[in-house]
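Novice: The structure's right below; bear with me while I get my questions together.
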Amino acid sequence: MRLFVALNLPAPVREALWAAAAPVRELELPVKWVRGEGVHLTLKFLGDVADEREAELGAALTRAAAGTRTLSLALGGFGVFPDFQRPRVVWVGIAPEPGLEILQHRVEQEFAPLGFPTEGRPFRPHVTLGRAARDARPVSFTGLEAALGRVEFAETAVVCALDLMQSTLQSGGPVYHVRHSERLP
């Protein structure tokens, strides 16, 4: 199974984000856009994991979520990684939130002993909207920065669960399925 730990956004926020980003998708850039129903905040990518490890991963998720309260995440501001000359990821940002930082750190701490090393890069909370084609030329992204600058979107997402997600790669893009979920009181 291809797994990751995530916070799933409520449907109304996902729908509003999908609608707000429509003008950018219409530019027909060489970007594979995340389907609206698949929009989420990844806290840790685990990769391919054997089915028989699901119980121990669920237990780690439970420990990571323990004591964490419901999170209010302020979404807004669009950008790309690494830069507009050769974008790889198109995203919407998430304002700094101490509870989110603590939860992400807990996830790292609980999964590291299970063979999933802690991330070397600093945590930069964002929601991926699309991934650029690897072979796309920089000229293909002309107008992306201006288009993202015109998108008006500011929403607060109240997140009540920490999820262990499965990603199944298909020709139309990945399909996500919740394998285990822990409520955040």
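Novice: Please name all residue pairs, on different chains or six or more residues apart, with Cβ atoms under 6 Å, provided the first residue is in the range 4-15 and is in contact (Cβ under 8 Å) with a residue 60 or more places away in the chain and the second residue is part of a helix (DSSP H, G or I) and surrounded by 21 or more Cβ atoms within 10 Å (Cβ to Cβ).
Specialist: Sorted first by the residue in the range 4-15, then by its partner, the pairs are V5/V107.
Novice: Now for a separate question. Taking the residues in the range 110-152 that are of a type in the set (V, I, T) and either open to solvent by less than 40 Å² (accessible area, probe 1.4 Å) or under 18 Å from the mean Cα position of the chain (by Cα) (or both) as candidates, determine which candidate is farthest from L17 (Cα to Cα). Show your work before the answer.
Specialist: The first filter runs over the range 110-152 and keeps only residues of a type in the set (V, I, T), leaving 118, 127-128, 139, 142, 151.
Among the residues that remain, those that are also either open to solvent by less than 40 Å² (accessible area, probe 1.4 Å) or under 18 Å from the mean Cα position of the chain (by Cα) (or both) are: 118, 127-128, 151.
On the way: T118: 30, V127: 10, T128: 11, V151: 10 Å.
Within the range 110-152, the match that is farthest from L17 (Cα to Cα) is T118.
Novice: Something else about it: Only one of R25, R35, R14 is open to solvent by less than 70 Å² (accessible area, probe 1.4 Å), more than 21 Å from L103 (Cβ to Cβ) and out of contact with any Leu (no Cβ under 7 Å at 6 or more places or on another chain); which? Talk me through it step by step, then tell me what you get.
Specialist: On the way: R35 fails: open to solvent by less than 70 Å² (accessible area, probe 1.4 Å); R14 fails: more than 21 Å from L103 (Cβ to Cβ).
Criteria check complete, one pass: R25.
Novice: Quick one: would you say R69 is part of a helix (DSSP H, G or I), open to solvent by 50 Å² or more (accessible area, probe 1.4 Å), farther than 25 Å from R131 by Cα and of a type in the set (K, R)? Reasoning before the result, please.
Specialist: Values: part of a helix (DSSP H, G or I): no; open to solvent by 50 Å² or more (accessible area, probe 1.4 Å): yes; farther than 25 Å from R131 by Cα: yes; of a type in the set (K, R): yes.
Here the answer is no, as R69 does not meet what is asked.
Novice: Restricting attention to the range 91-109, and to residues there that are open to solvent by 20 Å² or more (accessible area, probe 1.4 Å) and acidic (D, E), which single residue is nearest to E54 (Cα to Cα)?
Specialist: Among those that are open to solvent by 20 Å² or more (accessible area, probe 1.4 Å) and acidic (D, E), it is E101.
Novice: Still on this structure, please answer the following. Could you please let me know if F78 is farther than 30 Å from V49 by Cα, modelled with pLDDT of 95 or more and crowded, with 18+ Cβ neighbours inside 10 Å? Full working, then the answer.
Specialist: Values: farther than 30 Å from V49 by Cα: yes; modelled with pLDDT of 95 or more: yes; crowded, with 18+ Cβ neighbours inside 10 Å: yes.
So F78 passes the test.
Novice: Can you confirm whether the range 41-57 contains a residue that is exposed (fewer than 15 other Cβ atoms within 10 Å of the Cβ), within 17 Å of the chain's Cα centre (by Cα) and under 21 Å from F116 (Cβ atoms)?
Specialist: Yes, the conditions are met somewhere in the range 41-57.
Novice: Right, another one. Among the residues of the range 154-169, is there at least one that is out of contact with any Lys or Arg (no Cβ under 8 Å at 6 or more places or on another chain) and not in a strand (DSSP E or B)?
Specialist: no
The values are calculated or read from the model by the stated rules, or taken from the named source; none is laboratory data. The shown structure was predicted, so the numbers you read here are calculated from the model rather than taken from an experiment. No Cβ is skipped: glycine too gets one built from the backbone with ideal geometry, and neighbour counts run over all protein chains shown. For accessibility, only protein heavy atoms count, side chains too; no ligands or nucleic acids. Shrake-Rupley method; radii C 1.70, N 1.55, O 1.52, S 1.80 Å.
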